[in-house]
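Below: one structure, written as structure tokens.
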């Protein structure tokens, strides 16, 4: 069985810039260790990607903090993490979950037995969204989230998201 690692949105704006938190900063070393534990070919990453019109979008109206605007420093994956992603397939996504990634992984799961592990930011938004999309697309594929390599918008939202995912048969480590 092939086990794939999905690194969600480890971008500057979510770590220590526009929407950064001390909890996000605190997981960086664990995330790097986790990435190193996988063969490079079995690592996938996502990038939250918005345009200059972000504030005019539905998300911008609910979260009025410009972030991850394509081409900015905040949009880039943190450099010490990016250097570990050589060869990784990177999905740019305009919203919380990546439908394209779910479709591609579903197609892969039709050809070979896979298992998925998710890490990254933010537990209660993009990690949960992607985990639930993947579970809906592949209900028989084992999907897990390493809680020590994730951080939520707040510690309370992190814990709530982990419980929600656990309720949906996503394994929490």
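Values quoted throughout were computed directly from the atomic coordinates according to the rules given, and no laboratory measurement underlies them. Every value quoted in this text rests on a predicted model; they were computed, and no experiment measured them. Backbone-built Cβ (ideal geometry, glycine too); neighbour counts: all protein chains shown.
Worth a mention:
- Length released on extending from residue 172 to residue 33, taking residue separation times 0.36 nm less the Cα-Cα span: 48.2 nm
- Remark: spin-label model distance residue 157-residue 41 equals 3.8 nm, labels positioned 7 Å along the Cα→Cβ axis.
- Helical content of the chain, expressed as a calculated mean residue ellipticity at 222 nm, amounts to -9500 deg cm²/dmol (DSSP H runs of 4 or more residues, -39,500 (n - 2.57) each, divided by residue number, nearest 500).
- Of the three principal axes defined by the Cα atoms of the stretch 2-168, the extents in descending order read 41, 30, 29 Å.
- Over the stretch 94-173, relative contact order from alpha-carbon pairs under 8 Å, at least 6 apart, %: 33 percent
- Each Cα pair under 8 Å and six or more residues apart adds its sequence gap; the mean of these over the residue count of the chain is a relative contact order of 28 percent.
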